[in-house]
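Worksheet: the structure to be examined is printed underneath.
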Amino acid sequence: QVQLVESGGGLVQAGGSLSLSCETSGIVSMINAMDWYRQAPGKQRELVGTITSGGLTNYADSVKGRFSISRGNAKNSVNLQMNSLKPEDTGVYYCHVRTVIRAYWGQGTQVTVDS
């Protein structure tokens, strides 16, 4: 059974930092890319950033220069370092893994940025 577990969310003051982690288990297919999405209250889920199997990264314009995606130390894990956080970064952050067979979602972790 595939599981994706996000951690590291919480409450932070504007200008602060948080680091999210996504640990996976049960994935046997080759991973093409790992993404972070977020969903603010009343809004659609949006792509925050991606890291490919080759290590290439790309980010939403709204987080460029502030957020950074990297591979975790554990196999098939991914991190999201978030700096200079703004109130508009508030939302539930989801890990998303794309394999050659299908994609998987984590359950999400809440990030709240207080102004």
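Quick test for you: out of LEU4, LEU11, pick the one residue that is surrounded by 13 or more Cβ atoms within 10 Å (Cβ to Cβ) and not hydroxyl-bearing (Ser, Thr, Tyr). Spell out how you get there, then give the answer.
On the way: LEU11 fails: surrounded by 13 or more Cβ atoms within 10 Å (Cβ to Cβ).
After ruling out the rest, the residue left standing is LEU4.
Scanning region 26-40 for residues that are open to solvent by less than 30 Å² (accessible area, probe 1.4 Å) and among the aromatic types (Phe, Trp, Tyr) gives a single hit, TRP36. Residues in region 39-68 that are within 17 Å of ARG98 (Cβ to Cβ) and touching a residue at least 40 places away in the same chain (Cβ under 8 Å): ARG45, VAL48.
Assess whether ARG71 counts as being open to solvent by 70 Å² or more (accessible area, probe 1.4 Å) and on the phi < 0 side of the Ramachandran plot. Steps first, please.
Working: open to solvent by 70 Å² or more (accessible area, probe 1.4 Å): yes; on the phi < 0 side of the Ramachandran plot: yes.
Taking the combined requirement at face value, the residue satisfies it.
Taking the criterion of being out of contact with any strand residue (DSSP E or B) (no Cβ under 6 Å at 6 or more places or on another chain) and either polar (S, T, N, Q) or farther than 19 Å from GLU88 by Cβ (or both), the only residue of region 31-52 that qualifies is GLN44. For region 41-68, the set of residues classified as open to solvent by less than 40 Å² (accessible area, probe 1.4 Å) and under 21 Å from THR112 (Cβ atoms) consists of VAL48, GLY49, ALA60, VAL63, ARG66, PHE67, listed by residue number.
Can ALA14 be described as more than 18 Å from VAL97 (Cα to Cα) and in contact with a helix residue (DSSP H, G or I) (Cβ under 7 Å, 6 or more places away or on another chain)? So ALA14 passes the test.
For region 50-77, the set of residues classified as under 21 Å from VAL5 (Cβ atoms) and part of a loop (DSSP other than H, G, I, E, B) consists of SER53, GLY72, ASN73, ALA74, LYS75, ASN76, SER77, listed by residue number. Take region 78-108 and flag every residue that is of a type in the set (Ser, Thr, Tyr), open to solvent by 20 Å² or more (accessible area, probe 1.4 Å) and part of a strand (DSSP E or B). Passing the criteria: TYR94, TYR104.
The values are calculated or read from the model by the stated rules, or taken from the named source; none is laboratory data. Everything numeric here is computed off the predicted structure, so don't read it as measured data. In this analysis, Cβ positions are derived from the backbone assuming ideal geometry, glycine residues included, and neighbour counts consider all displayed protein chains. Keep in mind that these areas ignore ligands, DNA and RNA; they rest on the heavy atoms of the full protein, side chains included. Shrake-Rupley method; radii C 1.70, N 1.55, O 1.52, S 1.80 Å.
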